[in-house]
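The values are calculated or read from the model by the stated rules, or taken from the named source; none is laboratory data. Quick caveat: nothing in here was measured; it's all calculated off a predicted structure. Cβ sites come from the backbone with ideal geometry, for glycine too, and all protein chains shown count toward neighbours. Please note that ligands, DNA and RNA were not included when accessible areas were found on the heavy atoms of the full protein model with its side chains. Shrake-Rupley method; radii C 1.70, N 1.55, O 1.52, S 1.80 Å.
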Amino acid sequence: MNVVVCVKQIPDPANPGRLDPEAKTLVRQGKLILDDSDAYGVEMALQLVDAAGGGEVTLVSMAPHNEVSGLRTALAMGASKALLVSDDQLQGADALTTAKVLAAAIRRTDPDLVLAATESTDGYTGTTPVQVAELLGLPSVTFAKRIECDGSTVRVERQTEAGFDEVECPLPAVVTVTAGVVEPRYPSFKGIMAAKSKSVEQLTVADLGLDGSLRVGQEVTDVAAAQERQAGEIVQDEGNAHDRIIQLLDRLKVI
Amino acid sequence: MTFDNVWVLAEAPEAKPTSFTYELLTKARQMGSTVEAVTWGADVDAYAADLGRFGATRVRSAGDLGDALPGVPVAAAMAAAIQGGDRPDAILFPQSYDGRDIAGRLSARLDLGVLTNLVDLSDDGTSEHAIFGGSTIVRARFTGDPPYLFLVRPKSFAALEGGGASPEVVALPVPDTGPLNAAVIKQRHVEARSGPKLDEAPVVVAGGRGLGEASNFELIEELARLLRGAPGASRAIVDAGWVPYAYQVGQTGKTVKPTVYIACGISGATQHMVGMKGAKHIIAINKDREAPIFSIADLGVVGDVHRVLPRLIEALKSRS
């Protein structure tokens with residue numbers, strides 16, 4: 001069984017960079033890292049391939065400046081190889097443009113299953129995976145909190161407003177996973193060493209045959225700091241802090 | 001930018017429109033001169049009048065979808081109508097499970113961009129998006145031709161009645177989508193919870209990793225019960241399996257705007273804050289003085305939830 005995992009390399013959320021109000025962009029510093037929410041898809045893919053008795057996990061990613069540090073993390077977990085699309089003309093790409101690029105890259109492989117996170121940690125548009133599915137002509141199941149596969153069908157527990165649905169879908173298909181789906185492994189030392197020699201195929205928009213077909217129909221007009229809530233009073237509990245809470249609830253007429 | 005005809009994706013599980021749907025209809029009414037609702041289900045006639053009360057003058061129904069997930073058939077039906085000449089200027093989608101699927105599918109099908117995670121939309125068509133847990137606002141706008149697709153976060157707009165007569169219900173035919181629509185719901189599970197609904201309760205008491213272990217969530221439930229509120233949870237303890245997903249507050253869970261939000265043992269990851277920073281008043285209890293949650297709390301208690309919560313519960317019981 002061959003599984004493609006869409007992964008995003010993002011600025012470290014602990015150090016997301018600063019705003020440049022002039023350029024209306026985020027000034028990002030430092031290396032990109034593997035989006036935490038993608039580790040679940042990588043782990044799920046490795047387990048499904050294992051359970052199927054063989055196959056490959058291929059990473060597909062789009063990032064500026066041929067950035068590979070996040071991909072190496074996923075390769076160190078055990079993925080076989082990666083396709084990376086990097087092109088100056090993709091700067092400021094919206095979700096649909098990203099989906100077109102990812103779909104074109106995925107077409108170069110022949111996956112039984114495409115996995116992605118429900119949304120990225122930095123942009124969280126949450127639409128890219130279904131846009132990829134539509135462009136590839138595949139069915140999709142989003143918000144998986146459990147996945148089983150028998151070679152021709154994927155069975156998913158999909159989160160819903162009320163609880164969850166058991167959904168069955170023939171392969172090939174696109175499935176998005178939540179952080180609850182599996183516990184990702186940490187890369188081993190051996191995995192980290194092996195990852196260094198694994199193939200990362202670098203592709204441009206032209207390589208994908210998408211030259212001239214990408215146009216972004218939206219623009220950012222402004223980036224600004226939100227009006228922050230002010231921190232109120234902070235008290236150290238000395239055994240009677242609950243009285244302060246009750247006073248406040250009383251004043252707010254909640255009790 | 002003026003919007004003439006605005007469509008709203010109207011979700012109505014169990015034949016009752018969600019409050020989210022009413023928020024979007026209210027906004028659509030302020031934006032455009034004509035508001036139409038797009039919906040699906042076996043009982044559309046039973047709730048069409050409710051959609052009318054909030055401003056829909058026409059309801060387009062994709063009908064009973066059976067065991068299909070709504071994403072593919074509803075998007076395909078909307079795309080067919082739009083390609084057939086019924087072009088709205090804007091479509092408002094709820095940023096919900098199915099809302100995201102439908103908007104994403106429609107976007108790719110019609111080669112139209114989509115702006116997501118909206119928290120506001122001004123008259124000139126400029127949208128506002130909160131990123132980094134709400135600390136940063138990005139404004140954006142479409143530059144191409146309509147229809148413009150907007151995915152809106154819950155509780156971004158008030159829900160106010162203001163419609164007229166019952167709307168006409170017209171069919172929104174679903175074209176054959178072949179293998180795209182092959183996913184089938186085999187069984188639906190409802191995870192029951194008692195008390196007021198999490199996203200409508202005036203008081204929310206939420207627990208996080210600081211509770212230490214799953215059994216301590218009982219403290220959260222008891223405090224919520226005493227305050228006639230709803231219990232909620234951070235993503236960490238939902239992922240750990242302590243409580244069902246329906247309790248989750250945050251970017252991927254519920255967005256809540258209660259009068260009082262009490263965060264117990266929650267550090268305040270951006271993922272969580274984006275779902276609760278709209279609360280009128282925030283009380284936080286956490287051992288770590290440096291926890292980000294204290295930066296937005298009206299009252300922050302630096303202390304152990306295992307000590308503070310039992311005393312708070314006892315004190316409330318002795319008052320009643």
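One table, with the values for the structure above:
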| read-out | value |
| --- | --- |
| Carbon + sulfur, % of accessible area of the protein assembly as shown - ligands and nucleic acids excluded, 1.4 Å | 47 |
| Lysines with Cα under 29 Å of A:K145, excluding same-chain neighbours fewer than 8 positions away | A:K8, A:K81, A:K100, B:K16, B:K155, B:K186, B:K197, B:K254, B:K257, B:K277 |
| Choice from A:G55, A:G163, A:G70 showing the highest fluctuation, given a GNM over chain A with Cα pairs closer than 10 Å | A:G163 |
| 3J(HN,Hα) from dihedral phi, segment A:218-223, Karplus parametrisation 6.51/-1.76/1.60, rounded to Hz, x for glycine, proline | 8, 9, 7, 9, 6, 10 |
| Buried on assembly, segment B:175-189 (at least 10 Å² less accessible surface than by itself, 1.4 Å probe) | B:P179, B:L180, B:A182, B:A183, B:V184, B:I185, B:K186, B:Q187, B:R188, B:H189 |
| Accessible area expressed per residue, segment A:3-203, with surrounding protein chains retained (probe 1.4 Å, Å²) | 41 |
| From phi via Karplus (6.51, -1.76, 1.60), per-residue ³J(HN,Hα) for segment A:170-182 in Hz, x at Gly/Pro | x, 8, x, 7, 10, 10, 9, 10, 8, 6, x, 6, 8 |
| Surface accessible to a 1.4 Å probe, per residue, for the residues of segment B:3-181, Å² | 35 |
| Accessible area buried, both sides summed, chains B and A with 1.4 Å probe, Å² | 7100 |
| Amide hydrogen neighbours beyond the local backbone of A:C149, cut-off 5 Å, H modeled | A:R155 |
| Dipole magnitude (debye, nearest 20) for chain A, charges at Cβ of Lys, Arg, Asp, Glu | 480 |
| GNM result for chain A, Cα springs below 10 Å: residue of A:R146, A:R155, A:R215 fluctuating most strongly | A:R215 |
| Area of A:H65 that stays accessible when all protein chains are in place (1.4 Å probe, Å², to 10) | 150 |
| Amide proton proximity set for B:E168, modelled H, under 5 Å, gap of 5+ | B:V59 |
| Label point distance in nm, A:D207-B:Q30, each placed 7 Å from Cα along Cα→Cβ | 4.8 |
| Over chain B, relative contact order from alpha-carbon pairs under 8 Å, at least 6 apart, % | 15 |
| Segment B:3-181: relative contact order in percent, alpha carbon pairs under 8 Å with at least 6 residues between | 30 |
| Förster radius 56 Å - calculated FRET efficiency between A:R215 and B:S318 (Cβ-Cβ, nearest 0.05) | 0.25 |
| Residue-by-residue Karplus 3J(HN,Hα) for segment B:287-294, coefficients 6.51, -1.76, 1.60, Hz, glycine and proline x | 5, 8, 4, 8, 4, x, 4, 5 |
| Efficiency of FRET between B:A42 and A:K196 - r from beta-carbon atoms, R0 45 angstrom, step 0.05 | 0.20 |
